[in-house]
Amino acid sequence: MGINDEKAYSEGQFKIYMRQIVEAVKAKGATVVLVTPQGRAISWTTDGVNLVHYAEDDFYRHATIALSQEQNVGLVDLNVLSSAYFTSIGPAETELLYKTGDWLHFNRKGATVLAKLVVQDLQRQGMDGFDYLISF
């Protein structure tokens, strides 16, 4: 939930629904890790000097972070991680990670890049006991 639900639910509704999902998953004994959504390919701004990718206020990011703290579950802030990566490669290279003419959904290469960012952050946080289904 997140990117495609932004216009369907208020941030409060999103948090209620996500809380229900988190609690149901925890009740089954699974480890929950929430991941904030990445921004659009066109989420560029300037820091006064440089062009930077910025999407920190999009797609219920703040509600997801608050819910991870409230529920004491893991969090990967892919929103910030992806923006830092996109800033490092620039707008033209960032566009190549998305489906043609689609500023929101990734192609295979983009999905692989983002999955790698998630796995690296999980490992950085010491959450490396998962069986990863992604190979690089």
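Read-outs throughout are calculated quantities, based only on the coordinates presented, and are distinct from any laboratory measurement. On a predicted model such as this, the values are computed, not experimentally measured, just so you know. Here the Cβ positions follow ideal geometry from the backbone for every residue, glycine too, while neighbour counts run over all protein chains shown.
Remarks
- Amide H contacts under 5 Å for residue 99, placed H, 5+ residues apart: 105, 106, 107
- Here 14, 59 are placed in order of increasing Cβ neighbour count within 10 Å, fewest first, which gives 14, 59.
- Neighbour count of at most 16 Cβ within 10 Å plus DSSP loop: longest GluC sites (Glu not before Pro)-free window in the chain: 57-136
- The share of C-alpha pairs in segment 3-124 whose separation exceeds 25 Å stands at 28 percent.
- Rounded to 10°, Cα long-axis angle of helix 78-95 versus longest principal axis of the chain: 20 degrees
- Coupling constants for segment 16-24 follow from the phi torsions by the Karplus curve (6.51 cos²θ - 1.76 cosθ + 1.60, θ = phi - 60°), and in residue order they are 4, 5, 5, 4, 4, 5, 4, 5, 5 Hz; glycine and proline get x.
- Amide proton proximity set for residue 76, modelled H, under 5 Å, gap of 5+: 34, 35, 36
- Other residues whose C-beta falls under 10 angstrom from the C-beta of residue 39 contribute a net charge of -1, scoring Lys and Arg +1 and Asp and Glu -1.
- Sum of -39500 (n - 2.57) over DSSP H runs of 4+, divided by residues of the chain (222 nm, nearest 500): -15500 deg cm²/dmol
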